[in-house]
Amino acid sequence: MNAHPLLGQILGGVFGHAMQRRGMPPRAGRGLGGAAVGGILAGMLGRGRGGRGNMLMLLLPLALRWVQRNGGIAAVLKRFQQQGYGPQAKSWVATGENKRLDEHAIHELVGQREMAQLSQQLGVPQHEVAQGFAEILPEVVDQLTPAGRLPAEADDLLEDGRSELEQEIGQVQQKESTP
């Protein structure tokens, strides 16, 4: 399953903002500006839209929280390597093409209990949550490692990006619920 075409742009935008706020060099050609991120999210989460894009955008901050609860991005990458998914994880950090991760790997790495909770929270079947995670995790790592290495600030950037993303999603949902 290929990643949603706007997923990388949204993540690039929120992580790019986080890098700028921390005084890190700008990320040339990666991501969207602040208004664009909000506009894309509004389009994907808009009233009555539903569907795969909507589910991915709602899963995205939950997936970022999962990474944080599991020790941060370096710990999650180590977990992937220890469970036999090292080639995939290395490809996400590297500057080339990202190798796919299948649903089975996600169930194994995230865990059945967590998958069931996320499925219930989002109101979608577990296989859709697993497919979403399989799209989101490689893109998160790819966007946090634009130079082909994991920066020391990766977990701080992850937190800042997640916070911005949740704020943007909340604003969109608030606008959509206002008659």
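Structure values in brief
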quantity	calculated
Calculated FRET value between Q20 and K175, using beta carbons and R₀ = 22 Å, to 0.05	0.30
Candidate aspartates and glutamates - alpha carbon under 20 Å from K90, same-chain residues fewer than 8 apart omitted	D102, E103, E108, E135, E139, D142, E153, D155
Segment R69-R113, length gained on full extension (0.36 nm per residue, minus Cα span)	14.4 nm
Highest to lowest packing among 146-155, 63-72, scored as the average C-beta count within 10 Å	63-72, 146-155
Two-site label geometry, Q81 and Q167: point separation in nm, points 7 Å out along Cα→Cβ	3.4
Linear extension gain, R52 paired with T95, 0.36 nm per residue minus alpha-carbon span	12.8 nm
Gain upon complete extension [H127, D102; 0.36 nm per residue less C-alpha separation]	8.0 nm
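No value in this document is a laboratory result; all are computed from the given coordinates. If you're wondering where the values come from, they're calculated on a predicted model, not measured in any experiment. Note that we place each Cβ from the backbone using ideal geometry, even for glycine, and neighbour counts take in every protein chain shown.
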